[in-house]
Each structure stands twice: as structure tokens, then as C-alpha cells.
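The values are calculated or read from the model by the stated rules, or taken from the named source; none is laboratory data. As the structure is a computational prediction, the values presented were derived from the model and not from experiment. For neighbour counting, all protein chains shown are included, and Cβ atoms are generated from backbone atoms with ideal geometry for every residue, glycine included. Side chains are part of the model used for accessible areas, which takes the heavy atoms of the whole protein and leaves out ligands, DNA and RNA. Shrake-Rupley method; radii C 1.70, N 1.55, O 1.52, S 1.80 Å.
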Amino acid sequence: MFWLDRIFGEAEKQLAAKIAAGKTLLIRDEKTASGRVHVGSMRALALHAALSERLTEANIQNRFVYEINDFDPMDGLPVYLDAEVYRQYLGMPLCNIPAPDGKAENFAEFYAAEYITAIRAAGFSPEFTRASKLYRSGQMNGVIREALEKVTTVKAIYKDLTGQDRPENWYPINVVCENCKKLSTTKVTAFNGKEVTYTCYPTAVEWTQGCGHQGTISPFDGNAKLLFKLDWPAKWKVYGVDIEGGGKDHYSRGGTRDYGRRLSREVFNYPEPFGVPNEFFLVGGKKMSSSKGAGSAAAEVVSLMPAHIFRLALYGKDINQQINFSPEGDTIPVLHDTYDRIAERVWEGERGDDARLFKYINTEPWLNEKRFLPRFSQVAFLVQMPHLSLHEEVERMKGAPLTDLDKKELASRAEYARVWLDRAAGEEFKFFLQAELPANYSVTDAQCDALKTLLQYLNSHDQLDGQELHTDLHEMRKKSGLEPKDFFGPIYVALLGKDYGPKMGWFLSVLPRPFLDQRIRQAQER
């Protein structure tokens, strides 16, 4: 069973009463805009977006709301920021910090804009909201009051889950200091039903300093923010959330989901939403954060491929399986190959899991139509060969004239191949015909004999057919007694300056014949 259908079945069962009553289900997710958003954040987003699409397919009314959390404090300096400029803002709400470009409304909006663009480019369209608006509009006032008035219950839950007592005068909230405007450094010690008493401690946290101010202030209308473990379940109630999962780290024993489950029920009197944990989306084997450097930001990764290929990366594995994405490696070519195999099976009549997956990854109607799909790796090679006509070579691959849909597909693959090669692909995917035979070129006697055999073959064939040459080359290799790397390596080096390259038969067949003949002759003379 396609993983999405399995999870939909679980959600449908848990939310049966609300569905039967015709309630519009609310799906929620969020991301803190503390810097460039890592592509890993899109795994949970994809899960929620997929559930929204699946509910719509089943004619169940739903909304998918995505919150940009801009009310969290800045608790670290991303490596790409000027520390001297931004150190002064540590501890302040992100929405109160100036944008790096001096143009966006604030720091959070600057990075949120980039992330929202990436989300939409990937074919997702949630409703976007802001945490600051939720707090400042007064919508959080009710749950703030509940948390403060039931502080004894909150502390009991914390003790059950951590084994530690909270101080007698502890409250689960930070206020924005009236003097230094920081949020992270304040501690509330009393609540009289209308106002809280607080101190902005110089040593409250290690990474910034409070000003020492003491005061009283209303905790409502954006003057304060609940601690994260309460903020999450409080928003379940305020939004009326029916579905919200999260990364597997939240679901670990004693993790934020355990807190959320109990706080939601015992403090806010709201049932825990349906949700499942999702595995991580790793880049180069690492789970990164928004404070890391370039190379793994959602906007960068999404821009490397068309939306349906990126969605294949997100949806192609069960939500409980880890994704390891390598932009510079073969991940993108392999994803295209996988898409091609799935498409061919669906077009041949497959109606199982592949068909279900195909439905959810395609973002435009024309993508469902049968068309010729040239291998992405071959297109990536062809766009590096200025002497070749891309259209003619792909037409040769197909063995028939290209249709309008074929041309549209080819144009897309060529565009993204150039983008990938320019921005991310490793050197092993970049090929340049060498103007001269490499100066240090040398071959063994056996390799020289193999090159002579190839030259004789070229002399006896006016036209080269890629598939036929592929077969004949492997026969030459067997007769030479050489291992594949020792047979093919010298040919690649002579032509490309490296001992590897694209599929040899096809590669040789598309090279200019005068160039190919001369270079192989020069190589065997060494």
C-alpha cells in the first residue's frame, strides 16, 4: 500500500466523527524563520501537504495552514550573518529584528520570503500565517491565561516527564523586556490575574545578556510568549488543529510530543491532533539547521530540479524512511531515472503503488501524458557538447520525430541539467572535450593494442550506431583480456582528460568523426 493511503486510513479512522459531521479539518505545520530554511524542513511540510491532497481526493473538506514562526527569539547567529551587526539582537523576537537587506519588513520576513517561494515552486500551496500576528491580535490570550492559572498542573507534568521540580515562582512564559526588548532573558515570577512580574536577568542564558530591568506588565496582546513546550499545544487549540505531525525527534520518549499530548489535554482541555512522525531529509548524510552555511537551503535545492522530481524525492520513500540527498552527487540523475521507470510502468497500465505515487508527484496535467523521456544524465552530457544539436541527438535516441510534448520535456531537462551542472554537480559529471591529447598520456602495450583495434573498427564504419557500438566495444574488451577500467579508461582520458565518462558506445557515436578518428590515432601512437 502506498504510504500516504496507509496514513490517510489511520487519520480517517481517528477523525471519523468530525468527518461524518462535515467538519472542515485543519492541518497545521510551522517553521521558525531564524535564517535560511534547510530543505529538511520540507519533509514534514510534504507529509501535511500530501494528507491535504489525499483528503481532498476523498472529498473531505480541509485547510492546510503553515505558520511562519517569527515570534521566537534569535538564539544564535547564522554563519552567513555579520556577527558584529546582529549580536546586539540576540534574545529579541525575530519579527523585531531588522532584515539583512534593509528592505524586508523584518528579519523573519526576509528569510520567510525565500522559503515561501521554494514551497510554492515545489508545487505546495498552504495558507501562510505568522506567529506574531497570532500573539499580537490577542488570539493567544486565552491559552496564555490558562497556562498561567494552571501553572501547578504544568509543573506537575514537567516533573513527571523530567523528574525535576520547577521553582515555586516559576511560570512557563517569557515577556518582552520593556527596557532592552529581549525575550530570552526574562523570567516571570508572579501573576495576579492581570499582570506578571518579571526580571530581565543578565545571566539568564549563556549567549546573550539581559539588562537587569524589573517590572510588571500584561502578558497579553503580544507582550509575552509561551515557552515552546506549551506554545505548540496552545496553538493546537487556538487554530483548532485536527492534523499535525512532526519530525521523529519530537516523538522520542520524553520529547516535545509527549509534553504536547499532556499539556493539550490537562491544561488546555483540547485533544491531541492526529499526527505521525516523519524521518529526516538529510543532505550529504547530515541533518542541518537554518544557521548552517549555503548548499542545503530549501530554495537552493528546489531550484535544481522541476517540481515533480523534487516531489518524487519527498514522496518516493515511506515517510518513516530516511532520505539522503546529495546535490553534487548522482541523486538528481537517479531521481530522473526513477521517475522515467515509474512513468513508463504507469503508461503501460500499472495501477498499483507506482500509479498512486505518480498522481501525487506530478504538478501539471501535461506531466501525466505519455512522452519520450531522454535520460537526464545523457541530456546533461549533451548540453556540454556545443558541437552537437540537442534536438537531433534526442531524436536519434527516440528513433522518431519529437512531438510537442517531447520537445517540452526536453527543454525542461536541458534547462535543469544546465542549472545542476552550474550550481551543484560534482566534477565527475562535467565533461569537456580535450583540445589536445593530455601531455602525460601513456598506455600499456595491451592497451595500445586495444586502441588499434578500436581505430580499425572506426576506419571500417562510416556511421556509428550507439547501441551497436556499445555491444561491439564490450566484445573488443573481452578479446583484449583487459579489465573494463583498463580498456575504457584510456579512451576516456584521451577524449575527456579523465578516466570515466558517459556510456561509451553512445558517447563515441555522437562525437565529430574527424576529431574522434584523429584522437584515437594519436592515442594508439603513444
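Numbers below:
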quantity	calculated
Close pairs (7 angstrom Cβ cut-off, 6 or more residues apart or separate chains): open to solvent by 20 Å² or more (accessible area, probe 1.4 Å) in the range 21-46, among the acidic types (Asp, Glu) and at pLDDT 95 or above anywhere	GLU30/GLU67; THR32/ASP72; SER34/ASP72; ARG36/GLU114
Boolean, ALA122 is surrounded by 15 or more Cβ atoms within 10 Å (Cβ to Cβ), farther than 21 Å from THR185 by Cα and among the hydrophobic types (A, V, I, L, M, F, W, C)	yes
Residue under evaluation LEU437, criteria (1) out of contact with any helix residue (DSSP H, G or I) (no Cβ under 6 Å at 6 or more places or on another chain); (2) aliphatic (A, V, I, L, M); (3) in a loop (DSSP other than H, G, I, E, B), criterion not met	(1)
GLU427 being open to solvent by 20 Å² or more (accessible area, probe 1.4 Å), under 29 Å from ASP337 (Cα atoms) and within 36 Å of the chain's Cα centre (by Cα)	yes
Filter pass, TYR416 being under 29 Å from LEU304 (Cβ atoms), in a helix (DSSP H, G or I), hydroxyl-bearing (Ser, Thr, Tyr) and within 31 Å of the chain's Cα centre (by Cα)	yes
Residue in the range 289-328 that is modelled with the lowest pLDDT, counting only those that are part of a loop (DSSP other than H, G, I, E, B) and touching a Leu at 6+ places or on another chain (Cβ under 8 Å)	SER291
Some residue of the range 219-238 being open to solvent by less than 20 Å² (accessible area, probe 1.4 Å), closer than 23 Å to LYS31 by Cα and basic (Lys, Arg)	yes
Unmet criterion (only one of (1) without any contact (Cβ under 8 Å) to a residue 60 or more places away in the chain; (2) touching a Lys or Arg at 6+ places or on another chain (Cβ under 9 Å)) for GLU415	(2)
Residue among LEU357, LEU433, LEU405 that alone is modelled with pLDDT of 95 or more, surrounded by 15 or more Cβ atoms within 10 Å (Cβ to Cβ) and either farther than 19 Å from ALA122 by Cα or within 31 Å of the chain's Cα centre (by Cα) (or both)	LEU357
GLY76 being in a loop (DSSP other than H, G, I, E, B), touching a Ser or Thr at 6+ places or on another chain (Cβ under 6 Å) and open to solvent by 10 Å² or more (accessible area, probe 1.4 Å)	yes
Filter result (open to solvent by 40 Å² or more (accessible area, probe 1.4 Å), touching a Gly at 6+ places or on another chain (Cβ under 8 Å) and part of a helix (DSSP H, G or I)) within the range 457-515	GLN467, GLU468, HIS470, THR471, ASP472
Failed item, numbered, when GLN139 is tested on (1) in a helix (DSSP H, G or I); (2) within 24 Å of LYS225 (Cα to Cα)	(1)
Qualifying residue in the range 443-457 (condition: in contact (Cβ under 8 Å) with a residue 40 or more places away in the chain and under 27 Å from PHE376 (Cα atoms))	no
Among (1) modelled with pLDDT under 95; (2) within 16 Å of VAL241 (Cβ to Cβ); (3) not hydrophobic (A, V, I, L, M, F, W, C) - the single one THR24 does not satisfy	(1)
Pick from the range 398-413, criterion not in a helix (DSSP H, G or I) and not hydroxyl-bearing (Ser, Thr, Tyr), ranking: nearest to PHE310 (Cα to Cα)	LEU402
Subset of the range 363-397 [in contact (Cβ under 8 Å) with a residue 60 or more places away in the chain, part of a helix (DSSP H, G or I) and open to solvent by less than 30 Å² (accessible area, probe 1.4 Å)]	PHE381, LEU382, GLU393
Looking only at the range 113-128, and only at residues there that are of a type in the set (A, V, I, L, M) and in a helix (DSSP H, G or I), the one that is farthest from PRO306 (Cα to Cα)	ALA113
Some residue of the range 153-165 being over 37 Å from the mean Cα position of the chain (by Cα), part of a helix (DSSP H, G or I) and aliphatic (A, V, I, L, M)	yes
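Condition check ((1) within 26 Å of LYS23 (Cβ to Cβ); (2) at pLDDT 95 or above; (3) open to solvent by 60 Å² or more (accessible area, probe 1.4 Å); (4) more than 19 Å from the chain's Cα centre (by Cα)) across all residues:
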residue	(1), (2), (3), (4)
ASN59	yes, yes, yes, yes
VAL65	yes, yes, no, no
ASP70	no, yes, no, yes
ARG87	no, yes, yes, yes
GLY91	no, yes, no, yes
ALA113	no, yes, no, no
